[in-house]
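For reference, the structure is listed below as structure tokens.
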Amino acid sequence: MPRISGRAIIFDNDQVILLYRRKKTKDGIKEYYAIPGGGQDEGETITDCVIRELQEEYNVKVNIKEYLGKVGDEKALGYIYYCEIVEGTPVLGGEEKEQNNPDNYYEIQYIKVSELDNYDILEENKELIRKAYSLKEGK
């Protein structure tokens, strides 16, 4: 059974707010950008997971606007939602802040939607970000 996670695509004007990740692996350094969120707790709905994870990870309260789709495989499956921040300003928190070190680095990044192709972001995540941005813009 795959690990289930809830993730939120959120924007600040024309920028998507992603989690930059750099970690040391046995093969070297791996760097990429991820949609914020995390694992579903037992007995928790996936939408409650999204809300909790964004509170822990970014120190913000979000309102879920729309379900966008799922990404993943038999090991990990992420349910992605378009959300808006209703309270707070993104600041790294939770496990990501506690575990942050040179070998396991986390940083909140603001990336212009028009420049997504310049970054190491999974293609299916780019598609969902663009879909959410169209919803945000009312297109």
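The values are calculated or read from the model by the stated rules, or taken from the named source; none is laboratory data. Just so we're clear, the structure is a prediction, and the values are computed from it rather than from any experiment. Positions of Cβ are backbone-derived with ideal geometry, glycine not excepted, and every protein chain shown enters the neighbour counts. Just the protein is used for accessible areas: all its heavy atoms, side chains included, with ligands, DNA and RNA removed. Shrake-Rupley method; radii C 1.70, N 1.55, O 1.52, S 1.80 Å.
Convex hull volume per residue, computed on the Cα atoms of the range 1-50, equals 101 Å³. Over all distinct Cα pairs, what is the inverse of the mean 1/r for the range 50-92, reported as the Kirkwood hydrodynamic radius in Å? Kirkwood hydrodynamic radius for the range 50-92: 11.2 Å. Remark: the chain carries a charge dipole of roughly 220 debye about the Cα centre, counting +1 on each Lys and Arg Cβ and -1 on each Asp and Glu Cβ. Computed over Cα pairs, the Kirkwood radius of the range 30-103 leads via Stokes-Einstein (0.890 mPa s, 25 °C) to a diffusion coefficient of 184 µm² per second.
For residue 130, what is the net charge nearby, where nearby means another residue's Cβ is under 13 Å from its Cβ and Lys, Arg count +1, Asp, Glu -1?
Values: positive: 112, 126, 131, 136, 139; negative: 14, 115, 117, 123, 124, 127, 137.
That works out to -2.
Near residue 68, the amide H atoms lying under 5 Å from its own belong to 80, 81, 82; only residues 5 or more places off or on other chains count, and H is placed 1.01 Å from N. Average 1/r across all pairs of distinct alpha carbons in the chain, invert it, and you get the Kirkwood radius: 15.3 Å. Charge dipole (Cα centre; +1 on Lys/Arg Cβ, -1 on Asp/Glu Cβ; no other charges) of the range 1-53 amounts to roughly 480 debye. Only one residue of 102, 78, 91 has its Cα farthest out toward the positive end of the dipole of the range 68-113, where Lys and Arg carry +1 and Asp and Glu -1 on Cβ, and that residue is 78. Taking all protein chains as shown and a probe of 1.4 angstrom, residue 21 keeps an accessible surface of around 40 Å². Report summary: the helix-based calculation at 222 nm, which adds -39500 (n - 2.57) for every DSSP H run with n ≥ 4 and divides by the residues of the chain, gives -7000 deg cm²/dmol. Residue ranking by accessible heavy-atom surface, 1.4 Å probe, largest first, among 136, 97 comes out as 97, 136.
Heavy-atom surface analysis with a 1.4 Å probe gives the chain a carbon and sulfur content of 43 percent of its accessible area.
Working note: Karplus 6.51/-1.76/1.60 with θ = phi - 60° gives the range 103-118 the couplings 8, 8, 9, 10, 7, 6, 10, 9, 10, 4, 4, 5, 10, 3, 5, 8 Hz, where Gly and Pro are set to x.
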